[in-house]
Each structure stands twice: as structure tokens, then as C-alpha cells.
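Nothing in this text is a laboratory measurement; each read-out follows from the coordinates by a stated rule. Remember, predicted model here, so these are calculated numbers, not experimental data. Quick reminder, even Gly has a Cβ in these numbers, built from the backbone with ideal geometry, and neighbours come from all protein chains shown.
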Amino acid sequence: MNREQLAHRVLELVTAIAPDVEADSVIPGIAFRDQFDFDSMDTLNFAIALQREFGVDVPETDYAHLASLDQCVAYLAERLA
Amino acid sequence: MQTEFRLPALGADMEAGTIVEWHVAPGDRCKRGDVVAVVETDKGAIDVEVFVDGIVRELLVLPGTRVPVGTVLALLDTEAPAPAPEMVHSTSRARAGEDVGEAIQQRVKISPAARKRAQELHVDVVSLRGTGPEGAITVQDVERAGPSPQPSPANVGEGAAGMRAAIAAAMSRSKREIPHYYLTTTVDVSSAVDWLAAHNAAVPVTERLLLAALLLKAVALACRDHAGFSGFHRNGRYEESPVVHVGVAVALRGGGLVAPAIMDTATKPLAALMDEFRDVVARARAGRLRASELAAPTIILTSLGDSAVETVLPIIQPPQVAIVGAGAVAERPWIVAGRIVPRQVLTLSLGADHRVTDGRLGAHFLARIAALLANPSKL
């Protein structure tokens, strides 16, 4: 999976968690929290989705790396490498 | 005998709702608790359940119609006593009941924005094929389908503006009728925070807990220990609820909030409570709450833990008589055994009803919540 495919899949997971968010409105460089009030429940659901989708267990101490789409893709690319 | 199935009030100031879809047809058997209709309200699209076992005789209100609370929506034939479960399976009508179950399973996945757009364009969402995540119907899918030929008679009053009006009406009534008093206390929650971090590091991601789950449990247990905070004030008198159902205030991304109940909160282990909490938040945001969940809360917890807010002074939702608030956890200098040390602290608040309790009782109640939080492993 290349970087672009990874970003696309991550975005699908985000919009599944926040169904009221339209995928094309998400800005990759800005934190989800600042764009659409992604809260601690959303972050937990996101971590669960990443574990299911990619088999990557994101510890709570790494949640900061999931803040934006760009950060999340970079983090996952590293974990999956 | 014949029973009328009426549109229930799903909040103190709900006046009307629009039938979005029926999950049953005449001749179908339904059981108490089955979701039989989806109703668009100021609180989003709500799954409405029946409260009796019976067979649907007639549906009286067509989808798209806006009707006042209390309107008879359908007529049911009910039997007394209700047939035993094995009897149900052996009758041909039981099949209809099973089909209802399937219909609910296959019900439409649609974002609230798309549902609103569908209403504006009079698009029948049941006929659409979704292209969103897990086949959910998106705004684009609705717009592609365009307006359907028959205009719907009603599409006003719901949505964000409707929810804002409903919140305003309920809160105005609360401030008018309920003599509120407020108490706040800042407590050291370091042990709860540390316990959570250790717990969450040791379990699979699906079993991680949020601090709000601990707060929910602590509030529920404190309600069992202290009367006067979990119940309803109606017709001039207070009735304590025999079971504590803590409602959790969920902010919706489009604005507004709802407070569905985690049923029987006090008896549930944290893991089960967390699962239900997660489920109810997801459904609140997807607009898939059940009517019973909205009517059930005996007290509400509102947590602003994800913001930088220290203290929330919450307004009681009538006919309840108390609401507990929690601000964000923050690291602060704290004095422990005569020394200044950094600790994780949280400000708890209580809005309560002077018709039922006084500040002294409220102080005991709040102190009990704080004490329960200090021993997280016992929750």
C-alpha cells in the first residue's frame, strides 16, 4: 500500500467514525480535533479502527501522532515499514 | 384488544415529529421494545419502540407527515397474556415478526446531513444505494437522486435550528421552574488518571476505558447512596427512581446536544458501561438513538473533559432534579501532606433542585462522587 492509498483508507476510517464529516472537506495538515471536534471517544474509536484495519496497536501514549491525517499517515507508514 | 401506538414525547419540550419510515407493516407481529418507526425530531432521527407485544393492524400516519406528540400513529392488536416465546415461533405470524427483525438489521445507513438533504429534496432514502463508508448514503447520493415526484407535506421544524429551539425551550422552562443551586469542588483525580493509564496500557485497544466511564459509574453509585438526585419532579412532587439511569450529554458536531441514558448504570461493570457508552455516542452522532434512551435518564452527567474548560455549571433537564458536571483534567500545584506537589485535578459541579434537596445534601452527594473516584479499582 503506497502513501496515497494509505491516506485514502485512513480518511475512510475517520469518516466512518464521524459520519457527519464529508471526506473531501478534511484538510490533511490540520488536527481532526480543530476541524470537527474529534474528541477522546473518537480518538479511541480511531485507534480501534486502525488496529482492525492495519493490525497496528497504537498505545495511548502515541495518540498525539494520530492528530491529523498527515501525522497519522506518517506514523502508520513508519509502524508498517 | 386494540391498543393505540402514539408518538411519545422524547424530551420535555418536544411538540412534534415527522415519521421518516416504518419498520413494520399491517399484519406484522412486534414485541415490546422492537423499533417500529423512525421519527425525525429536534433531537435527530430517533428509533421509536413499541411498549406492548402485538400485531400491527393499521398504520395511520404516512412517512413524511409531521404530527404532534400524542398522535395515534398505528393501531395494534394486543393479546393478554402474551404468547410464550416457543408459541410465537410455531405460528405463521411469527415469521412476520422475524421479518421485522431483518428489516431493522437492513435499515438505511445515512448521515444526518444526507437525511436532512433528502427531506429537503423529498427523496425516499429507502430506495437509494449508498456509496459512503459501509454503504452509507451520502449527501451526494441524495442529490444525485434528485427530488422525487410527490412532495412531502411536512419538512419544517427539524434540523439544527429545530434542535436549538428545543434546547432553548427546555432550558428556559428549567430556569423558570426549577430553583437551582450550584456546588463545585476541585478534586485530585491523579489515582484515577494513573489507574486508567495503567489499565489502558495493559488491555487490548477495544477494552480501553475513558475517564468519562469512571465518572458515569461514580455518579450512579453516589445516587444509590444519596436520595434526592436521581428521579423526576412531576405534578408538584418528587419521585426517586428505583433504578439509576445516568444520561450522558453528547455534543453533536453540527451543534446541539442530546443526553441518552446508559440504562441501569450503577450495576454495570466498567467494561460493559464503556461499551454502551461508546455505542450510545456513536448512535447519537449518527442520529440513531432509541426513544426509550432519551426519556430514561434520571440524572445527567455532562463532561467537558475534551475542552480546556475548568468548570461547567450545568442546567437541569426537567423533569430531572440534578445534573453533574465535570471539567477538563489539568495538572496543578496541590498540597499533599504539607508539601506542594503536581497533581491531576478535576472540578466537579452539581446543579440541583431546591424543591428536593439543599446544599448540605448536595455537598454530601458531590463528596461521595469524589471519594468513589479516588478508588478507581473499586468502581
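Rounded to the nearest 20 debye, the dipole magnitude of the protein assembly as shown is 940 debye, with +1 charges on Lys and Arg beta carbons, -1 on Asp and Glu beta carbons, and the Cα centre as origin.
Taking amide H as placed 1.01 Å from N in the peptide plane, A:Phe38 has its amide H under 5 Å from the amide H of A:Arg33, each at least 5 places away in sequence or on another chain. Tell me, what is the FRET efficiency for A:Ser40 and B:Arg339 to the nearest 0.05, using R0 = 22 angstrom and their Cβ-Cβ distance as r? E(calc), rounded to 0.05, equals 0.10. Spin-label pair B:Val72-A:Thr61: with each label point 7 Å from Cα along the Cα-Cβ axis, the two points sit 6.6 nm from one another. For the range B:207-348, a crude dipole built from +1 on the beta carbon of Lys and Arg and -1 on the beta carbon of Asp and Glu, taken about the Cα centre, is about 180 debye to the nearest 20.
Close amide H contacts of B:Leu289 (hydrogens built in the peptide plane, cut-off under 5 Å, sequence separation of 5 or more or a different chain): B:Asp47. With a cut-off of 17 Å on the backbone N, the residues of the range B:7-43 near the modelled label site 7 Å out from B:Glu58 along Cα-Cβ are B:7, B:25-28. Shown in residue order for the range A:66-81 are the 3J(HN,Hα) couplings computed by the Karplus curve 6.51 cos²θ - 1.76 cosθ + 1.60 at θ = phi - 60°: 9, 4, 10, 4, 4, 4, 5, 5, 4, 5, 5, 4, 5, 5, 7, 5 Hz (x for Gly and Pro).
Backbone geometry of the range B:29-45 corresponds, through the Karplus equation with coefficients 6.51, -1.76 and 1.60 at θ = phi - 60°, to 3J(HN,Hα) couplings of 8, 10, 10, 3, x, 5, 7, 10, 8, 10, 10, 7, 9, 4, 9, x, 7 Hz, x marking Gly and Pro. Once the other residues with Cβ under 13 Å from the Cβ of B:Thr185 are scored (Lys, Arg +1; Asp, Glu -1), what is the net sum? Every neighbour counted, the sum reads -1. Dipole magnitude for chain A: computed about the Cα centre from +1 point charges on Lys and Arg Cβ and -1 point charges on Asp and Glu Cβ, it is near 280 debye.
Ranked by the mean number of other Cβ atoms within 10 Å per residue, highest first, peptides B:297-303, B:332-338 order as B:297-303, B:332-338.
What does the net charge come to around B:Ile299 if you take all other residues with beta carbon closer than 12 Å to its beta carbon, with K and R at +1 and D and E at -1? Taking every Cβ under 12 Å from that of B:Ile299, the sum is -1. Close amide H contacts of B:Tyr238 (hydrogens built in the peptide plane, cut-off under 5 Å, sequence separation of 5 or more or a different chain): none are found. For the pair B:Asp275 and A:Ile30, label points projected 7 Å from Cα toward Cβ lie 3.8 nm apart.
For the protein assembly as shown, lysine pairs separated by 8 or more sequence positions, or belonging to different chains, with Cα-Cα distances below 27 Å total 11. The trypsin sites (Lys or Arg not before Pro) of the range B:280-377 that DSSP puts in a loop, and whose beta carbon has at most 15 other beta carbons within 10 Å, are B:Arg355.
Residues in the range B:187-197 carry Karplus couplings, in order, of 10, 7, 10, 4, 5, 5, 5, 5, 4, 4, 4 Hz; the curve used is 6.51 cos²θ - 1.76 cosθ + 1.60 with θ = phi - 60°, and Gly or Pro positions show x.
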